[in-house]
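All remarks here apply to the structure that follows.
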Amino acid sequence: MAGAGAGAVMCYSPSPSSPSSITTTPTCMLTITNRLPCSRFLSPHGKSYLKQRYQRPVYVPFSRIYAIFWGPKRTAVSHETELSLGEFVLTGSGAEGGDSANKTKPQKVLISVASSISEISPKDWDACAEEATGLENYNPFLTHGFLSSLEESGSSVKETGWFPQHIIAQDEFKNILGVVPLYLKSHSFGEFVFDHSWADAYYSYGSRYYPKLQCCVPFTPVTGQRMLIRNMWYKDQVFDKLVWALKHLTAKLQVSSVHVTFPSETEWHQMRGHGFLQRIGMQYHWKNRNYKNFDEFLMDMKQSKRKNIRQERKKIAAQNITMKRLRGDEIKARHWDTFYKFYRNTTDNKWGRVYLTREFFHIMGEKMGDKVLLVVAEDGDELVAGALNLIGGDTIYGRLWGCLPDAYYPSLHFEACYYQAIESAIELNLNTVEAGAQGEHKIQRGYLPVTTYSSHYISDEGFRRVIGDFLVRETDQVKQVMQILHDSSPFKDGIHQSDDA
């Protein structure tokens with residue numbers, strides 16, 4: 001989960017009629033609290049790189065948007081914006097191909113903002129997502145079902161610092177041409193691409209980093225399309241207008257930046273031409289080399305690694321633990337209630353933040369159906385641990401893990417999260433298992449590093465230049481680390497599991 005970051009407090013006066021409402025005035029003063037050291041910007045001499053390179057004072061005019069921080073569940077953001085962002089005329093004859101959205105040739109693209117995904121029909125949203133990726137690359141996290149589960153459950157809403165600002169492109173006939181999952185954010189939690197030091201640097205120079213715009217799937221470090229556009233002859237024009245809308249909304253709301261996290265590699269390259277800074281990261285994925293079973297996968301590994309995995313799996317049977325993989329209707333309400341306890345135990349033990357509500361699991365399970373794979377461990381008749389996965393077109397996505405408080409079962413985490421997912425991918429003939437962010441221990445279990453991407457548009461030119469310089473050096477470091485990790489691969493010589501290998 002995302003780590004802690006800098007917090008900001010703005011002066012406010014509660015409304016007498018509502019203790020939770022906030023009012024702001026032009027006399028608000030910015031106070032920095034819980035400031036993290038700007039360690040990622042340190043020079044070899046220990047001085048802040050930003051302080052060396054960014055010397056001019058920053059004057060920031062008051063915006064219509066205010067982010068107020070005083071702890072979890074009480075972050076509030078108020079905004080004032082028009083729903084319409086603009087109208088554009090399409091160019092070209094359309095002779096290159098057909099139009100899947102409608103039979104009448106459109107002339108215009110209209111861009112607007114929706115403050116809830118419920119304002120967009122599931123049919124239209126999912127048509128954009130499916131045509132953007134293709135069914136073979138179906139991504140469950142981009143569906144209306146998953147994103148609406150986050151909003152309906154109170155997980156990604158204004159009150160938690162995730163104010164939906166989804167961008168919609170439609171033609172003059174009201175046909176939805178493209179959508180973008182977007183949030184106005186008052187913090188940097190739940191993103192998995194860390195910019196807390198950037199916020200700290202802003203505050204050090206008297207500027208305001210929050211609120212910011214975040215284009216992503218909340219709490220989900222999974223690569224996927226971010227510009228969800230239907231397969232039309234003018235889709236490139238729609239892409240350009242949606243990227244323009246991100247930048248235009250940043251200026252319109254007078255926020256510091258917009259961040260597109262875990263986009264596809266193609267989008268990442270395209271957005272560079274629109275003035276976005278490029279950043280890379282690293283995750284650990286398992287690749288299926290047309291294995292017929294788990295033992296065949298093991299035979300591709302070095303002898304010592306193969307032996308270690310077999311010993312870990314034997315420990316599960318020795319503890320009389322039964323592993324089950326449940327999908328769709330097999331997952332009952334009691335399973336979700338128990339899994340929520342597991343989830344809370346994980347966040348409590350790891351000093352994490354509770355992003356998801358109990359209701360989220362019930363709503364998501366109902367909406368996503370057999371796209372959900374819940375691995376559970378039973379000790380007798382008792383559920384003692386579980387791992388939540390979602391199934392895509394060619395990938396199993398491992399998301400969350402947890403167990404009962406004070407429970408200790410050696411190797412159970414590896415079995416539930418990694419080996420069961422591998423077995424499932426082999427059985428379902430899927431190409432990849434994505435095991436989430438972080439964790440070098442995954443390498444010895446067959447998951448190798450792959451590159452992830454993010455794009456960042458910084459409004460202030462001075463900060464944009466300095467952060468851009470920082471990202472160049474960070475990219476070199478990430479590439480070096482990835483090469484070192486690949487060199488310690490657990491696979492036999494000549495066997496490459498990763499797309500980046």
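Since every read-out is calculated from the coordinates, none of them should be taken as a lab result. Please read all numbers here as calculations on a predicted model, not as lab measurements. All Cβ positions, even for glycine, are placed from backbone atoms using ideal geometry, and neighbour counts span all protein chains on display.
Give me the distance between the Cα centres of region 366-422 and region 237-288, rounded to whole Å.
Here the answer is 32 Å between Cα centres.
Need one number: nm distance between label points at ALA317 and ASP476, each 7 Å from Cα along Cα→Cβ, rounded to one decimal.
5.2 nm
If I stretch the segment between ARG465 and HIS248 completely, what's the gain in nm (0.36 nm per residue apart, minus their alpha carbon distance), one decimal? Don't skip to the end; give the middle numbers.
Values: separation 217, 0.36 × 217 = 78.12 nm, distance 1.97 nm.
Once the chain is fully extended between ARG465 and HIS248, it gains 76.2 nm.
Expressed in nm to one decimal, what extension gain is obtained for the pair GLU136 and HIS269 from 0.36 nm per residue of sequence separation less their Cα-Cα distance? Show your work: numbers first, answer last.
Details: separation 133, 0.36 × 133 = 47.88 nm, distance 2.23 nm.
Difference between extended and current length: 45.6 nm.
How long is the gain from GLU330 to ASN429 if the chain were fully straight, where each residue apart is worth 0.36 nm and the alpha carbon distance is subtracted? Write out the running numbers ahead of the final one.
Working: separation 99, 0.36 × 99 = 35.64 nm, distance 2.12 nm.
That pair, GLU330 and ASN429, stretches by 33.5 nm at full extension.
Take GLN107 and LEU83, extend 7 Å from each Cα along the Cα→Cβ direction, and tell me the distance between the two endpoints in nm.
Rounded to a tenth, the inter-label distance reads 2.4 nm.
Quick check on my link table: of LYS123/LYS212; LYS108/LYS158; LYS247/LYS367; LYS252/LYS367; LYS287/LYS332; LYS292/LYS492, which ones sit more than 23 Å apart, alpha carbon to alpha carbon? Working shown, then result.
Working: LYS123/LYS212 29 Å; LYS108/LYS158 32 Å; LYS247/LYS367 33 Å; LYS252/LYS367 35 Å; LYS287/LYS332 31 Å; LYS292/LYS492 18 Å.
Among LYS123/LYS212; LYS108/LYS158; LYS247/LYS367; LYS252/LYS367; LYS287/LYS332; LYS292/LYS492, the Cα-Cα distance tops 23 Å for LYS123/LYS212; LYS108/LYS158; LYS247/LYS367; LYS252/LYS367; LYS287/LYS332.
Tell me, what is the FRET efficiency for HIS441 and ARG310 to the nearest 0.05, using R0 = 22 angstrom and their Cβ-Cβ distance as r? Working shown, then result.
Numbers: r = 17 Å, r/R0 = 0.77.
Efficiency, rounded to the nearest 0.05: 0.85.
For GLU159 and GLU359, FRET efficiency with R0 = 22 Å and r from the beta-carbon atoms, rounded to 0.05? Numbers along the way, then the final one.
Values: r = 14 Å, r/R0 = 0.63.
Efficiency, rounded to the nearest 0.05: 0.95.
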